[in-house]
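First comes the structure, then the notes that go with it.
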């Protein structure tokens, strides 16, 4: 591809907001999890690799890059988390925009206050607490409320984000509900559109929501989400993924630098069999090739274009033996 003119709009925006997924491990198996995180995953990002990626993300963007730490569950290894935050502060790798947690560890006020004080001292700007019907199947809501209360007192309300505050105020422990009542609550919540219909949500939620035929998503491109959102995640395995599209690989940070991944994407995205087609035509653009390889659209339809996209990617991840797609579809276990 020829070099872009100075007055020509950028095809791929610089990544100015990035999440380091420190692990795929989580104490929970939430029905909505787009990464299918669970206690069975032990992949973890060591501090040295995390710091390298952190530096490269900042250097690759002329405007700098805000970093957040997430997972899986970032607090699954407290020692590693606080070590990383302190080392980043020591190397002046700012800002640590936020850290995300489901509060499973917030069992005691003193533990909560000690950890929050340590993170505050290490430069954390904001704490994000996941609270919703799915997490409360595995994490007592009292722990979320304790963490939110102490964080607001210690850090200030403006530095505490809860997803979602309406649930935190009026929710319950959904593991105590009868299974049919819990499922009904999950579906009611999912129908509000707050959750991405990818990953585990395609197995547990998407098939029970209002659906549309695959053809209904024709003409709906994914260009903004893939190329122009400025947001990426980097997994413990070095996979660089669009912020909202887990399982689509933009590059591999174990093999090359972040700036090299960005430059290569800027130069060749249009020719990539997944990212290129999705950025031009959306998931409906993959239908013809998938059907030629044996894919059959669900007669029940799809809850969203993300649901359709996931179904097509899952097909190409190995079920069709279509190997040329696998460079952009990973990790494989995510689709299994």
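Within region 165-182, the residues that satisfy the criterion of being surrounded by 17 or more Cβ atoms within 10 Å (Cβ to Cβ) and either out of contact with any helix residue (DSSP H, G or I) (no Cβ under 8 Å at 6 or more places or on another chain) or in a helix (DSSP H, G or I) (or both) are 167, 168, 174, 182. Within region 92-112, the set of residues being touching a helix residue (DSSP H, G or I) at 6+ places or on another chain (Cβ under 6 Å) and either surrounded by fewer than 18 Cβ atoms within 10 Å (Cβ to Cβ) or assigned to a loop (DSSP other than H, G, I, E, B) (or both) comprises 93, 102, 103, 105, 106. Across region 263-283, which residue is surrounded by the most Cβ atoms within 10 Å (Cβ to Cβ) among those that are in contact (Cβ under 8 Å) with a residue 60 or more places away in the chain and not in a loop (DSSP other than H, G, I, E, B)? Here the residue is 283. Every condition in (1) surrounded by 18 or more Cβ atoms within 10 Å (Cβ to Cβ); (2) part of a helix (DSSP H, G or I); (3) touching a residue at least 24 places away in the same chain (Cβ under 8 Å) holds for residue 207 except the one numbered (1).
Is it true that residue 286 is crowded, with 21+ Cβ neighbours inside 10 Å and either modelled with pLDDT of 95 or more or more than 30 Å from residue 54 (Cα to Cα) (or both)? When the stated conditions are applied, residue 286 passes them.
For residue 229, the requirement of being under 28 Å from residue 50 (Cβ atoms), crowded, with 16+ Cβ neighbours inside 10 Å and out of contact with any helix residue (DSSP H, G or I) (no Cβ under 8 Å at 6 or more places or on another chain) is met. Answer with yes or no whether residue 48 is touching a strand residue (DSSP E or B) at 6+ places or on another chain (Cβ under 7 Å), at pLDDT 95 or above and either in a helix (DSSP H, G or I) or surrounded by 16 or more Cβ atoms within 10 Å (Cβ to Cβ) (or both). Answer is no for this residue.
Scanning region 74-85 for any residue that is on the phi > 0 side of the Ramachandran plot and over 18 Å from the mean Cα position of the chain (by Cα) turns up nothing. Scanning region 289-304 for residues that are closer than 26 Å to residue 252 by Cβ and crowded, with 20+ Cβ neighbours inside 10 Å yields one hit, 290.
The values are calculated or read from the model by the stated rules, or taken from the named source; none is laboratory data. Nothing here was measured: the structure is a model prediction, and the numbers come from that model. In this analysis, Cβ positions are derived from the backbone assuming ideal geometry, glycine residues included, and neighbour counts consider all displayed protein chains.
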